[in-house]
Amino acid sequence: MNENKKDEDQTNPEKKLFENKGLAFIGSADIVGMIITGIFWLTIATFLEVEEFGQIHYFIAIAGIAYIFALIGTQNTITVYAAKKVNIVSTLFLFSLVAGSISTLVVFLITNEFHIGFLLLGFLVNDLSLGYILGKKIFKNYSKYVLVQKILTFLLGFGLYFALGPEGIILALALSYIHFFVLIYKGLKSSPMNFSAIKPHAGFIINNYVTSIFGGLRTNVDKLIILPLLGLTLLGNFALAIQFYMILQIVPSLVFKYTLTHDASKIPTRKVKLWTLVFAIISCISTIVLSPHIIPVFFPKFFEVVIAIQILSICIIPDTIANIFYKSKLLGSEKSKNPLIATIITVVVTALGIIILGPMYGIIGVSFSFVLASLGQFTYLFFTNREVKT
C-alpha cells in the first residue's frame with residue numbers, strides 16, 4: 001500500500017507541481033531574504049567599529065535567549081500540528097504570547113534596555129507565524145512575510161542607525177517584525193482554544209520546547225561567554241564570521257523547512273536532500289579557498305575574521321546531514337527525543353569548547369568548538385538513527 005502511495009505521489013503531476021512551487025516560494029524568499037540581510041549586516045559592519053559590532057550582537061543574543069524560553073509553541077511544533085490539522089495551534093500561540101510578555105518585562109528590569117524586549121517579541125511572533133504558514137503549506141504567504149521583514153530590516157536598520165546610532169539597529173530589527181502581529185491575531189481568532197489537546201501531545205511539545213531552548217543556546221550562548229571571557233574585539237570578529245556562516249546555511253535551512261512539513265505528511269523528498277548535501281560540500285570548499293582573497297578587501301578592520309570563516313564553513317556538511325536527513329524525519333514522525341539529545345550535545349560541546357579552547361587559541365579555538373559540536377551532533381544522530389524506526 002505504501003509503495004502504491006509512493007508511486008501515485010511520483011506520477012501525480014499536479015501534486016508534483018504544487019510541491020515544486022512550494023520549494024520555489026520558500027527557497028526564493030529565504031535566499032533573497034538572506035541576501036538582503038547579509039548585505040545589510042556586511043555593509044553596516046563597514047560603518048561600525050569592531051567593538052560596536054560585537055556589542056550589537058551581544059544585545060541580540062540576550063533577546064535570542066530570552067525569547068526561546070518564552071516560545072512554548074516552537075516553529076517545528078506549530079509546523080507539524082498545523083500540517084496534521086490538530087486543533088492546538090491557537091492554544092500554543094496564547095501560551096507563547098503570555099510567556100513572551102513576561103520575558104519582555106524581565107529583560108527590561110535586568111538590562112533597562114526597552115528595545116531588547118521589543119526584539120524578543122519580534123523573534124517570538126516570527127517563529128509562531130512562520131511555523132503556522134509552513135504547516136498549512138501556504139508557501140506564497142511565507143515568501144511575502146519573510147521578504148517584507150527583510151526589506152524592513154534593511155530600510156529601518158540604516159535609517160535608525162544614522163538617526164540614533166548603533167542602538168537604533170536593535171530597535172529597527174524589532175520593528176521589522178511588526179506585520180507578523182496581524183497574522184498572530186488572525187491565527188488566534190481562526191479557531192477556539194483547546195486546552196484539553198495539550199495533554200495528549202505534551203511529550204512532543206515539551207521535547208520540542210527543550211530542543212528549541214538548547215538550539216537557541218547554541219546560537220547565542222557563545223556571545224554571552226565570549227564577551228566576559230575574551231572581550232568585545234574577538235566577539236566582533238566572530239560575530240561577522242557567523243554572518244558568513246549564516247549565508248552558507250541559506251539553502252540547507254530552507255530545505256529543512258520544506259522537508260519537515262513533507263516528512264510530517266509522509267511525502268518522500270530524498271532527491272532534494274541529496275542535492276542539498278552536494279551543495280553544502282561545494283559551498284564549504286569554495287569558502288575555504290576564496291575567503292582569504294575576498295574578505296580582507298572589504299573588511300580590513302576585522303583582521304581575525306578570515307580564519308574563523310574558514311573553520312566555521314566545515315560545520316555546514318555535518319549540520320546539513322544531521323538536520324535534513326535525521327532531524328527532519330524524526331520530528332516529522334513526532335519523535336523528538338533524539339533531536340533533543342543531539343541539540344544538548346551541541347550546546348555542551350560549544351560552551352566547553354569556548355571556555356577551554358578560547359583562552360588558549362583565541363578565535364581559532366572558539367571556531368573549532370563549533371566544528372566539534374557539529375560533529376558530535378552528527379555522530380550521535382548517525383548511530384541512533386539505525387535503531388529508530390520512523
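No value in this document is a laboratory result; all are computed from the given coordinates. These numbers come from a predicted model, not from an experiment. Glycine gets a Cβ as well: all are built from the backbone with ideal geometry, and neighbour counts include every protein chain shown.
Helix 139-164 sits at what angle to the longest principal axis of the chain, using alpha carbons and giving 0 to 90 degrees rounded to 10? It is inclined by approximately 20 degrees.
Placing +1 on each Lys and Arg Cβ and -1 on each Asp and Glu Cβ, with no other charges, gives the range 13-385 a dipole about its Cα centre of roughly 1780 debye.
Projecting the Cα atoms of Ile184, His115, Ile169 onto the charge dipole of the chain (Cβ charges, centred on the Cα centre) puts Ile184 farthest toward the positive pole. Using C-alpha pairs below 8 Å separated by at least 6 residues, the relative contact order for the range 163-305 is 22 percent. Centre-to-centre separation between the Cα atoms of the range 142-205 and those of the range 307-350: 25 Å. Dipole of the chain computed with +1 at Lys/Arg Cβ and -1 at Asp/Glu Cβ about the Cα centre; of Tyr209, Leu42, Val349, farthest Cα towards the positive end is Tyr209.
Rank the residues Ile344, Ile138, Ile78 as a footprinting-exposure proxy: fewest other Cβ atoms within 10 Å of their Cβ go first. Each step should come with its number before you reach the end.
Numbers: Ile344 19, Ile138 16, Ile78 28.
Placing the least packed residue first, the sequence is Ile138, Ile344, Ile78.
When the chain is treated as a Gaussian network with alpha carbon springs shorter than 10 Å, the biggest mean-square fluctuation among Ser369, Ser333, Ser286 belongs to Ser286. Derived scalar couplings between HN and Hα for the range 294-308 equal 9, 4, x, 5, 9, 10, x, 6, 8, 6, 9, 7, 4, 5, 5 Hz in order, rounded to whole Hz, by the Karplus curve 6.51 cos²θ - 1.76 cosθ + 1.60 (θ = phi - 60°), x for Gly and Pro. Angle, helix 114-135 long axis vs. longest principal axis of the chain, Cα atoms, 0 to 90°, nearest 10? Roughly 30 degrees between the two axes.
Look at the dipole of the chain built from charges on Cβ: of Leu156, Ile198, Thr104, the Cα furthest out on the positive end belongs to Ile198. Full extension of the chain segment joining Val278 with Ile39 gains 83.5 nm, where the gain is 0.36 nm per residue of separation less the Cα-Cα distance.
Counted by neighbouring Cβ atoms within 10 Å, the residues Thr104, Thr259 run from fewest to most as Thr104, Thr259. Only Cα pairs under 8 Å and 6+ residues apart enter the sum, and on that basis the relative contact order of the range 63-174 stands at 31 percent.
Given R₀ = 22 Å, what would the calculated FRET efficiency be for Ser196 paired with Lys85, taking r from the Cβ atoms and rounding to 0.05?
Numbers: r = 17 Å, r/R0 = 0.75.
The value I calculate is 0.85.
Proximity of backbone amide H atoms, modeled 1.01 Å from N, is registered between Asn194 and Thr91 at under 5 Å, excluding neighbours fewer than 5 places apart on the same chain. Helix 13-47 and the longest principal axis of the Cα set of the chain meet at an angle near 10°.
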